[in-house]
Amino acid sequence: MRHTEFWARLESAVGAGYYEVWADQYVMSELGGLTARQALEAGYTPKEVWAAVWRALDLPATLR
């Protein structure tokens, strides 16, 4: 998964007006207490971060 696909998926999941705020403010223990943006900047792959987001938001399996 590329970064652009990650951001497109997150935008689709939480909405165009909210996805960046969510990525900057929602802390996930699964990512070591980092937000999605921090995790990407720290070197987590977009696929790893998306998996954590998917679980945090309890999204349907079709969006995995």
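The values are calculated or read from the model by the stated rules, or taken from the named source; none is laboratory data. Bear in mind the structure is a predicted one, so any value in this text is a computation, not a measurement. Glycine gets a Cβ as well: all are built from the backbone with ideal geometry, and neighbour counts include every protein chain shown. Calculation scope for accessible area: heavy atoms of the full protein, side chains included, ligands and nucleic acids excluded. Shrake-Rupley method; radii C 1.70, N 1.55, O 1.52, S 1.80 Å.
The table that follows gives values for the structure above.
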{"item": "In Å², nearest 10: area of ARG9 left accessible to a 1.4 Å probe", "result": "70 Å²"}
{"item": "Estimated 222 nm signal from helices in the chain, with DSSP H stretches of n ≥ 4 weighted -39500 (n - 2.57), rounded to 500", "result": "-16000 deg cm²/dmol"}
{"item": "Exposure ranking of VAL21, VAL27, VAL14, VAL49 by accessible area [1.4 Å probe, largest first]", "result": "VAL27, VAL21, VAL14, VAL49"}
{"item": "Neighbour cut-off at most 13 other Cβ (10 Å), DSSP loop, chymotrypsin sites (Phe, Trp or Tyr not before Pro), the chain", "result": "TYR18"}
{"item": "Extension gain, VAL21 back to LEU57 (0.36 nm per residue minus Cα-Cα distance, nm)", "result": "11.5 nm"}
{"item": "Label corresponding to semi-axes √(5λ) of the Cα gyration tensor in Å when calculated from the structure given, among (1) 15, 13, 12; (2) 19, 14, 9; (3) 33, 10, 7", "result": "(1)"}
{"item": "Residue (of TYR19, PRO60, ALA8) at the positive-pole extreme of the chain, dipole from beta-carbon charges", "result": "PRO60"}
{"item": "Amide proton proximity set for MET28, modelled H, under 5 Å, gap of 5+", "result": "GLY33, LEU34, THR35"}
